[in-house]
Every structure is written in structure tokens, then in C-alpha cells.
Amino acid sequence: MLSDIAFYGALETGLIYGLVAFGIYLSFRVLDFPDLTVDGSFPLGAAVAAVLLVEGWNPWLATGMAALAGMAAGAVTALLNVKLNILNLLASILTMIALYSINLRIMGRPNIALLTEDTVLTPWYGIGLKFHQVSVALFVIVVVVALVLLWRFMKSEIGLAMRATGANPRMARAQGIATGAMIVLGVALSNGLVGVAGALFAQSQGAADVTMGVGVIVIGLASLIGGEAVVTPSTVLRALIACVVGAIMYRLAIAFALNADFLGLKSQDLNLITAVLVTLAIVLPGVRTKIANKLTRKQA
Amino acid sequence: MISATDLKLTFGKGTPLENPALRGMSLTVNQGEFVTVIGSNGAGKSTFLNALAGEVMVDSGQIIVDNQDVTRLPTHKRAARVARVFQDPLAGTCENLSIEENLSLAIKRGQTRFLTSAVKKRYLETFRSSLSSLKLGLENRLGDKMGLLSGGQRQAVSLLMASLTPSSILLLDEHTAALDPKTAAFVLDLTTQIIEEQKLTALMVTHSMKQALEVGSRTVMLHQGQVVFDIAGKDREGLEVKDLLGLFEKQRGLQVDDDSLLLG
């Protein structure tokens, strides 16, 4: 079974990926904008935060700057799409690969260690929690605050306009909604959240690395789709809860798979397990309906 | 008042598929008029409506709404003055949003949106009373998803949404064409009722000559991207479909004569 440390480790990364899943929910679900920028904005957030922490900035301010950097990256993707009419998927890939160079420039080297720096976690080590529980406690607060803010935003006039933009752009325009501006705002917000996730990840792992973004989009999507399979996203609140539940579930599943000796899996199998889990998450809901249909037909 | 002057628009200019949709279309609709627009396929009816709404930009000509030149403004900047109901019942509403959310989107049509709650308590009474006028029982289903409603119900709600806030003109694009006859009649009745009650200025495109004569105060026929005739008042009273067909044939005949004259 899982050790205490592996369990809390899974929760910790799960919560961080909950923020990523929020971002992906905004772009993929709300705006219907397949955005791969996140593979670049996650390490961007980490890079910005790491450099500022080394400079001696306040950790929360550094995390805030990571959010702004992520938003800027998202805005670039959206503007490429809205203003220059580049296909959304392609626009995001362009920003993503550009960010690889930019992240190297920001850090000045491929990675920065943060083991000796003060991070957002530092003040919490003194409050009596076990070492591996501290980050979980803090990230629960961060995720809940983000969830409530996002939920309120989605229910606001601007949030509703954003949802209409993704669902029915023609109708949105007819209601006087500047759909282009909504896409820019939404994709920026989405990548801002991912930037924060990257910054928190770097602080909890003790390092920022230019390659840490590889596959973030797949894990985020896995969390989103898996969460939706468990928590039916019939309302905005449920959809947001699904993001967090999915992200934590995914991380726990990975931890179990790697820790179950009888499976013989090793950490290098991580990406294979991810692909299998995503496939299952996509296919299983359909199978469930099929079985349900068969059962009801038999009864009838 | 809305006035379009000498609108020209060619799709696919310079390609083998070049298609002149509007060829100098001019029309002025006065305050309080309810104009029905007919014309065969490809006459330019939908393009004209799209040009007025801002969904397509004309190559030349001028569109003026309430003394403001809107020719180059995109759709969302015209929305405060131009309300619209689409042909497709699914196009005018968002199926993933609830009825009250759809109505809340419409009540802010063309206005600045803020971070305040979208569905405000003070809206709900307005929503309930206008929904109850539809007599569909929707006033008790404010929280239901729009996607649960039938095409006719959705079109009725689209009409309500278009009339929730004042507009200079209401554009109706064959909005009963996709409905079954009974529902179409219901939606058409509702349309005339709303337009009369609120004294709206409206432009309704229809495929049915009968419908074009039954409702409204003025009828315009389009052909090959131009207005071929425009009748109102006494000339229009008592006019029947066969008279209209006669007029149409006559106009088309003239058109052909013109062409042959030009070619000859």
C-alpha cells in the first residue's frame, strides 16, 4: 500500500494539478479553445517565481508575478488566434515552443534550485504539522480560494458572456458581446492559473526546470475528463469540483500503480500509465451508458 | 429609423465562384414600421439581414441606424440598436445555459458587462411575467437548461430575449421556417403581438408570400440583390398571393427584358 509520504505527495501534486485543470476547463470547456500553451506557461510560472525568489522577493509576490507572466502567454496565444486568424490549436503550439526559449532566457540556465530560498511554504513549517502535510494544507486553501473565485466569476455578467462566447459565438455577438476580447481574457486567465500552478510546484519541489512542462496538458486533460466521469458537471460549481477531484484521483491512481509491487511498474512507465488512464477516462463513461441502456432494455 | 443605401456585396470576389449577393440594395425603414421581406432563393434576403446586423461587411454603400453610420461597425457594437432572431431555433440561445441565464444575457444586450452577479434577483419578476405571456409554463422552469426545450419553445424565448431591451430595429430571419406548421403559427402570432405591444420597428424575412402579406404594414420583394418592389398602405390592402405572384412575374419579365436588351 501507499506510504504516508507517497499519499500526501500525491495529494500535494493533485491539488497543484487541480489549478491546471481549472485552467484547462476554462479553455477547453468554457471557451471551446484547445489550448496547448499550458505546456509552456507551467514552466514559465516556475521560472519567473524561481528567479524572483533567488532575487529575494516575497514568495507570494513572486507567485503573483508568475500568474501575470502566465496570463501574458495566454493572451499572446489568444491574440494570434483572434487578431491574426491562426487556428487556435496551432497558435497555442507556436506560443508553447516560443516559451521554451523564453523560459531558458528567464532562468539563464536549464534549472534553478530553490532548496535554500524562502518559499510560500516556509512560514507554515512552524505550526506543528508534519513536514509532508504542510504543503497539502496550504494548497487546499489555495485551491478552495481559486475555486470560489472562479465560480463567482463564472456567475458574473462577464463570466456568463464568456460562457456564451464558447457555447454559441454567433448568439454572443448578437447580444453585444465582444467575443474576441472574451477569448483573450479567458485564455489569459486560464494560463494565469497554470502559471500559479507552476510557481507553487517549483516551490514545493524545491526547483524549477525548463522541461517540467512536458505533458502538463495531458495530465490536466486527464484530470478534467476523469473528474467529469465521476462528478457529473451539470453546473459550473460541479464542473470545478470535478477538476480538483479528477486531479487528485489521477495522482493517487499513479501513486498506487507505481507502488503496487505485483504490477511490476517503475517510474519510467509513468507516461504509459498516463496514456492508459486518459484513454480509460474517455472511454469508460460511454461504456457505462451502454451498460445502463442494456439493463433498462432488459427490464422493459 | 434604419436606412441602407446602395449596398453592394460580392462573395468570393476574383474567384470562379464569384457571387454578387447585393447589387445596390437600398431600403429605409421608418420608426414603428413592420416590413416583411420576400424573395426567391439567392435573392439576397439573408445577406441583407446579415449586412444590417454586421455579420458580413458590405463592399460599398452605407447603413445608418438612428442617424449613426454603422457601416463599418462589427456585430457586437451594433447590438445595442439591432436585435435579432435567427432561423435556426438552436442559434438564438445557449443550450448549456439555463433559461434565466439566457434571459440575463439578453437583458444586457449592447450594454457594458461587469463582475456583478449575472442573474439578478430584480430581473426574475420581469422574466417570470414575460415568460408567462407565452403560456408555455416556462415561468416555473427558470433554472432549466435551454437544451431541454423544444425548437418552438426556444424560438419563443429567442423572441422574448430580442424584445427584453429596446432596439431601433428587430431583425427576424425566417424565424418560423424551421418549425412545424402549428408551432410556426404560434411563433408568428407571438411575433405580431410583441411587435404591436411594444411598437417595435421590425424587418421580417420570410419564404411564404402568404405570411408576408398577412402580417406587417409593408412588403418588400428582393430579386438578384435589389429591391424590385415595395408596397405599403392602400396598395397593399386586400392584396393576395396571386396578385403578388403576378407582380413578381411582371418584375422578373422586365428583368429578363432588360437583360436581353443589354445583351442585344
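None of the figures in this text is laboratory data; all of them are computed from the coordinates on show. Bear in mind that the values here come from a model prediction, so they are computed numbers and not experimental data. Quick reminder, even Gly has a Cβ in these numbers, built from the backbone with ideal geometry, and neighbours come from all protein chains shown.
Is there a simple number for the mean count of other chain Cβ atoms within 10 Å of the Cβ of residues in B:97-106, and what is it?
Working: counts 5, 1, 0, 0, 4, 5, 0, 2, 12, 4.
That average works out to 3.
Which cross-chain or sequence-distant (5 or more) residues have an amide H under 5 Å from the amide H of B:Leu142, H modelled 1.01 Å from N in plane?
Distant-sequence amide H within range of B:Leu142: zero hits.
Along each of its three principal axes, how wide is the spread of alpha-carbon positions in chain B, in whole angstrom units, largest first?
69, 40, 34
Note down the magnitude of the dipole of chain A about its Cα centre, charges +1 on Lys and Arg C-beta and -1 on Asp and Glu C-beta and zero elsewhere, to the nearest 20 debye. Display every interim value, and only then the final one.
Values: 18 positive and 13 negative charges, 260 e Å.
Charge dipole of chain A: 1240 debye, to the nearest 20.
With r as the distance between the Cβ atoms of A:Leu263 and B:Lys182 and R0 = 60 Å, compute the FRET efficiency 1/(1 + (r/R0)^6) and round to 0.05.
Values: r = 62 Å, r/R0 = 1.04.
The computed FRET efficiency comes out at 0.45.
Rounded to the nearest 0.05, what FRET efficiency do B:Thr126 and B:Ser3 have when you use their Cβ-Cβ distance and R0 = 25 Å?
Working: r = 32 Å, r/R0 = 1.28.
Using R0 = 25 Å, I get an efficiency of 0.20.
Please figure out what share of the DSSP beta bridges in chain B is antiparallel and state it in percent, rounded to the nearest 5. Walk me through the intermediate numbers first.
On the way: 22 of 38 bridges.
Expressed as a percentage, antiparallel bridges in chain B total about 60.
Report, by chain and number, residues whose modeled amide H sits under 5 Å from the one on B:Ser98, excluding near sequence neighbours (fewer than 5 apart, same chain).
Hits under the 5 Å cutoff: B:Met146.
Apply the Debye scattering formula to the protein assembly as shown, with a single equal point scatterer on each alpha-carbon and no solvent, then give log10 I(q)/I(0) at q = 0.08, 0.09, 0.12 Å⁻¹.
These q points yield log10 I(q)/I(0) values of -0.67, -0.79, -1.12.
Percent antiparallel among DSSP beta bridges with both residues in the protein assembly as shown, to the nearest 5? Walk me through the intermediate numbers first.
Numbers: 26 of 42 bridges.
The antiparallel proportion sits near 60 percent.
Only helices at least 27 Å long along their axis, Cα-based, and averaging 0.5 or more on Kyte-Doolittle count here, so list those DSSP H runs from chain A.
Details: long enough: A:4-24 (29 Å, 1.34); A:59-82 (34 Å, 1.38); A:88-107 (28 Å, 1.47); A:131-154 (36 Å, 2.26); A:179-205 (39 Å, 1.31); A:236-259 (34 Å, 1.88); A:270-299 (43 Å, 0.75).
The answer, listed by residue number, is A:4-24, A:59-82, A:88-107, A:131-154, A:179-205, A:236-259, A:270-299.
Among the chymotrypsin sites (Phe, Trp or Tyr not before Pro) within the stretch B:59-165, which fall in a DSSP loop and have no more than 11 other Cβ atoms within 10 Å of their own Cβ?
When the chymotrypsin sites (Phe, Trp or Tyr not before Pro) of the stretch B:59-165 are filtered for loop state and at most 11 Cβ neighbours within 10 Å, B:Phe114 remain.
Compute the distance from the alpha-carbon center of the stretch A:145-209 to that of the stretch A:81-131, in whole Å.
18
Let me confirm one metric for peptide A:160-173, namely the mean number of other chain beta-carbon atoms within 10 Å of its residues' beta-carbons. Present the calculation step by step, with values, prior to reporting the outcome.
Details: counts 11, 4, 1, 6, 7, 1, 2, 6, 11, 0, 8, 12, 5, 10.
Shielding by partners across A:160-173 averages 6.
May I ask which residue of A:Ala62, A:Leu295, B:Val58 lies farthest towards the positive end of the charge dipole of the protein assembly as shown, with charges of +1 (Lys, Arg) and -1 (Asp, Glu) on Cβ and the Cα centre as origin?
Positive-most Cα among the choices belongs to A:Leu295.
Return the single residue from A:Ala69, A:Ala46, A:Ala167 with maximal mean-square fluctuation; model: Gaussian network over chain A, springs between Cα atoms under 10 Å.
Top of the fluctuation ranking is A:Ala167.
Running a GNM on chain B with Cα contacts under 10 Å, which residue among B:Lys77, B:Lys120, B:Lys234 ends up with the highest mean-square fluctuation?
Among B:Lys77, B:Lys120, B:Lys234, the largest GNM mean-square fluctuation belongs to B:Lys234.
From the phi of every residue in the stretch A:122-127, what ³J(HN,Hα) in whole Hz does the Karplus formula 6.51 cos²θ - 1.76 cosθ + 1.60 yield, where θ is phi - 60° and glycine or proline is x?
Values per residue, Gly and Pro as x: 3, x, 8, 5, x, 9 Hz.
Could you pull out every residue, at least 5 positions away or on a different chain, whose amide H is within less than 5 Å of the one on B:Gly24? Hs are placed 1.01 Å off N in the peptide plane, and Pro or chain starts have none.
So B:Gly24 has HN proximity to B:Leu7, B:Lys8, B:Leu9.
Too long at a 20 Å Cα-Cα cut-off: which of A:Lys155/B:Lys145; A:Lys155/B:Lys77; A:Lys294/B:Lys145; B:Lys145/B:Lys182; A:Lys155/B:Lys121? All intermediate terms of the calculation are to be shown ahead of the outcome.
Working: A:Lys155/B:Lys145 15 Å; A:Lys155/B:Lys77 23 Å; A:Lys294/B:Lys145 27 Å; B:Lys145/B:Lys182 24 Å; A:Lys155/B:Lys121 13 Å.
Going by Cα-Cα distance, A:Lys155/B:Lys77; A:Lys294/B:Lys145; B:Lys145/B:Lys182 fall outside the 20 Å limit.
Please arrange A:Ser204, A:Ser135, B:Ser208, B:Ser129 by how many other C-beta atoms lie within 10 Å of their C-beta, fewest to most.
Numbers: A:Ser204 21, A:Ser135 26, B:Ser208 16, B:Ser129 10.
If I rank by nearby Cβ atoms, fewest first, I get B:Ser129, B:Ser208, A:Ser204, A:Ser135.
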